[in-house]
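Participant: Pasting in a structure now, in structure tokens, and then I'll have a few things to ask.
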Amino acid sequence: MTKLLLETLKGNPGERVPFWFMRQAGRYLPEYREVRNSTNSFMEFCYSPDKAAEVTLQPIRRYGMDGAILFADILVVPDGLGQKVWFEKGFGPKLDPVNDEATFKGLSMGAFHDKVGNVYETVRRLKTELPSDVTLLGFAGAPWTVATYMIAGQGSKDHAAARQLGYGNPELFGKIMDMLVDATSEYLIAQIDAGADAVQIFDSWSAAIPETMFEKWIIEPTKEIVSRIRAKHAETPIIGFPRLAGAALPRFVDAVGVDCVGLDTGVPLDWAAKEIQSKVCVQGNMDPHLVVSGGDLMVAEANRILEQLKGGAHIFNLGHGFVPETPPENVALLSETIKAFRR
Ligand code: 1CP
């Protein structure tokens, strides 16, 4: 059976616009919370193929998305490199910070694939369990975004610790980024080997970076990852998502060579149609907070997005992930609205 989402990524859109949602598996679903509550730690959950495959399938059963995103987290990569990573209830991720030569020495690729191998097993299971018309998406965080957590030891507002290390000790920062390029490339290639149809690289924190640093910290490492993936899997589409990159988006698309780019909620769509969709597939960009209130305004916005991007390849998605307070019935209405649209 043809996979509409995969075909659209390859530049062959059909009449219907394919869709999936960032954080489509997550706390807004009661069946997710049930599985989540049956595990001790979030990392253990990511490394449990049965549970991770189950929560990946849950939203597909409910809503019939065209794409299923592997359940895991971007912080699996630092964990695989030997950094201590854990999630604290009500706080979010915590890591033993890597911010000097001594802490950097604790990282290595040595045990990486053994440590994260259960994620590849989740992909293999999903490959056999998913309906044949659903595209299986693998993913990883981009080096810059993952480095912001590794260096600060937690999520942070302005990513001050990573920026300051990048400026103040470019040699050490460069070593961290190089290791992330190696690990992320191998990690994504292994996901594709295991059965992922396409992969997305999340650069959630690429906002407000000076253009010289955008080139070094965002474009160069992502471009290198894309070229290493292409050397092994030339046919597998790659989605880039440099969130909040704004006017730097066309440069990102041209330089990195992605097949599709995720648009965050603030990107004006007439501009995106002209400057980006004329070259590659675009994905996005409904405000996740509008799905909390739902109703006529959500339906009207969904139809506006679909209309504005109907001239080329478009995958409907959010501009960022669902928030936990999203009512599941609003996701149902949004899904039906997208399915009813014809280009
Ligand atoms: O207890 C829980 O259930 C925690 C919520 C949660 C979930 C559902 C976390 C913790 N991670 C995930 C899964 C996840 N994370 C997926 C797969 C599920 C899906 O999308 O359906 C994906 C693709 C991610 C990616 C991820 N993790 C990103 C990039 C995308 C984005 O949202 O910007 C980032 C930044 C993370 C880090 C992370 N993981 C979890 C938390 C609370 C955070 C911190 C976010 C922050 O700093 O604000």
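Any read-out appearing in this document is the output of simple, stated calculations on the displayed coordinates, not a laboratory observation. Not measured: the values here are computed from a predicted model. Every residue, glycine as well, gets a Cβ built from its backbone with ideal geometry; the counts of neighbours run over all protein chains shown.
Participant: Just want to confirm a number: the relative contact order over the chain, from Cα pairs under 8 angstrom separated by 6+ residues, in percent.
Facilitator: Computed over the chain, the figure is 22 percent.
Participant: How big is the C-alpha Rg of the chain next to the rule-of-thumb value 2.2 N^0.38 Å, as a ratio?
Facilitator: Cα Rg divided by the expected 2.2 N^0.38 Å: 0.94.
Participant: Would you please put 226-237, 23-34 in order of how densely packed they are, using the mean number of other Cβ atoms within 10 angstrom per residue and starting with the highest?
Facilitator: 23-34, 226-237
Participant: Name the aspartates and glutamates eligible as straight-distance cross-link partners of K3: C-alpha to C-alpha under 17 Å, and not fewer than 8 places from it in the same chain.
Facilitator: E15, D66, E129, D133, D197, E235, D259
Participant: Let me ask something additional. Could you tell me which of the pairs K157/K274; K157/K339; K89/K157 are separated by over 27 angstrom between their Cα atoms in the structure shown?
Facilitator: K157/K274; K157/K339
Participant: By average Cβ neighbour count within 10 Å, what is the ranking of 175-187, 91-103 from highest down?
Facilitator: 175-187, 91-103
Participant: Hey, another quick one. Cysteines without a disulfide-compatible partner in the chain, using Cβ under 4.7 Å as the rule?
Facilitator: C46
Participant: Using 1/(1 + (r/R0)^6) with R0 = 22 angstrom and r between the beta carbons of E325 and S156, what's the FRET efficiency to the nearest 0.05?
Facilitator: After rounding, the FRET efficiency stands at 0.40.
Participant: Relative to the present Cα-Cα distance, how much length would full extension add between E220 and S278 at 0.36 nm per residue of separation?
Facilitator: The span from E220 to S278 would gain 18.6 nm if fully extended.
Participant: While we're looking at this one, here's another question. So who's got an amide H within less than 5 Å of the one on F241, skipping anything under 5 residues away but keeping other chains? H placed 1.01 Å off N, in plane.
Facilitator: I201, D203, G262
Participant: Then there is this: Across the stretch 218-227, in residue order, what do the Karplus-derived ³J(HN,Hα) couplings come to in whole Hz, using 6.51 cos²θ - 1.76 cosθ + 1.60 with θ = phi - 60° and x for Gly and Pro?
Facilitator: Values per residue, Gly and Pro as x: 10, 5, 4, x, 5, 4, 5, 4, 4, 5 Hz.
Participant: Enumerate the lysines that K279 could reach by cross-link, defined here as Cα to Cα under 20 Å, with residues fewer than 8 away along the same chain left out.
Facilitator: K10, K223, K310
Participant: Can you tell me how much longer the chain between R342 and K84 gets when fully stretched, taken as 0.36 nm per residue apart minus their C-alpha distance, in nm with one decimal?
Facilitator: Taking R342 through K84 to full extension adds about 88.1 nm, to one decimal.
Participant: Measure nothing but the geometry: give the 0 to 90° angle between the long axis through the Cα atoms of 143-152 and the longest principal axis through the Cα atoms of the chain, rounded to 10°.
Facilitator: 50
Participant: Continuing with this model, one more query. How far, in nm, would the chain grow between R36 and E307 when pulled straight, counting 0.36 nm per residue and subtracting the alpha carbon separation?
Facilitator: Difference between extended and current length: 93.8 nm.
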